[in-house]
Amino acid sequence: MTHEVSGAPLAGQAEPDVRKDTGSTSVRTIYPQDGWDVEQDNNIVPLTRAEAEKLFGPDVGRPSRVTPLKVVLAQMGFSLAVTLIWWLFSDHSIHVVLSTLLGGATCWIPSSLFALGLKGVKRQTSMTLIVGEAIKTGVTLAMFIAIAYTYPEVRWVPMLVTYLVALKAYWIAMAVK
């Protein structure tokens, strides 16, 4: 048996639900301003195809044309474009060019491994995506560490800017469709 005790806390003493077991009964305090214990209608009705087309447009059922391979190609293209821009507006240093290329590669190499991993899996699950993202993050981190240790002349700002621009290529690819 459950007894509910309603009341408002004193000023400055907002308490969460108080649940006490007293043998066969439990006491739960519910404050009116808490929205957590309000009865909600959880009757979720999926949209029909006509409702979805009306809400999102006629292409709602069409599969996305943005594939992982296209995202990787866009990342490579953005990396090369940013490298050219850094080369044009810097002192034409080979270290700047190499740093920007490494920054782009630090983005697209793990992404290509992830895309190849997804392509090789017959049945994709959420665990497949989680493991793939973990591997991608690990490879990215390993590449940054390897660059830091093996290339002492690295120019960090151009490398990180190129990495971030290449990382955002996914959003640009989604917007272009």
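List of remarks:
- Carbon and sulfur %, accessible surface of the range 119-177 computed with the full protein complex present, 1.4 Å: 71 percent
- Fully extended contour minus Cα-Cα distance, from His92 to Leu47, at 0.36 nm per residue: 10.5 nm
- Reducing the range 63-108 and the range 138-177 to their Cα centroids gives an inter-centroid distance of 8 Å.
- The residues of the range 112-177 present an accessible area of 71 Å² per residue when probed at 1.4 Å with all protein chains retained.
- FRET efficiency estimate (nearest 0.05) - Cβ-Cβ, Thr67 to Tyr151, R0 41 angstrom: 0.80
- Our estimate of slack between Val131 and Leu118, defined as 0.36 nm per intervening residue step minus the Cα-Cα distance, is 3.6 nm.
The values are calculated or read from the model by the stated rules, or taken from the named source; none is laboratory data. What you see is a predicted model, and the numbers here were worked out from it, not measured in a lab. With ideal geometry, Cβ positions are generated from the backbone for all residues, glycine too; neighbour counts draw on all protein chains shown. Protein only, heavy atoms only, side chains kept; ligands, DNA and RNA dropped before computing areas. Shrake-Rupley method; radii C 1.70, N 1.55, O 1.52, S 1.80 Å.
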